[in-house]
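The structure appears below as structure tokens.
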Amino acid sequence: MWRFGHRDHLRHRRHRRGSGLPNTLADVLPGEGAKLLGFAPDLPPERWAHLQAYGLVPGRFVRVLQHAPVTVVQVEHCEIALEPELAFQIRVARPTN
């Protein structure tokens, strides 16, 4: 099984920066937060429903806690672990200061 390590995440993040592609949950550094915008169009509807059941709904603020070995996010008072591939399918807007 292929493991998505921290270095792989950083390499992908550098490649995406400035590319004009939408931000994903995988692009948010641990300790940072973001507003959930939606999901990738190719994500199956049953996965959408599963994520929404755990509180990952558009408009909700999430905080990334870690990316390795899995992505862990905090939604309100709940921590959710996501496969790294799934984190790339969750679209977010990062707050501007």
Worksheet item: Using modelled amide H (1.01 Å from N, peptide plane; none on Pro or chain starts), what sits under 5 Å from the amide H of residue 24, excluding residues fewer than 5 places away?
Response: 92
Practice prompt. Would you mind counting up the charge near residue 36? Only other residues with Cβ under 9 Å from its Cβ, with Lys and Arg at +1 and Asp and Glu at -1.
Written response: +3
Worksheet, complete the sentence: The answer for chymotrypsin sites (Phe, Trp or Tyr not before Pro) in region 38-86 that fall in a DSSP coil and have at most 16 neighbouring Cβ atoms within 10 Å is 54
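No value in this document is a laboratory result; all are computed from the given coordinates. Note that the coordinates shown come from a computational prediction; the quantities given were computed from them, not determined experimentally. Note that each Cβ is placed from the backbone with ideal geometry, even for glycine, and that neighbours are counted across all protein chains shown.
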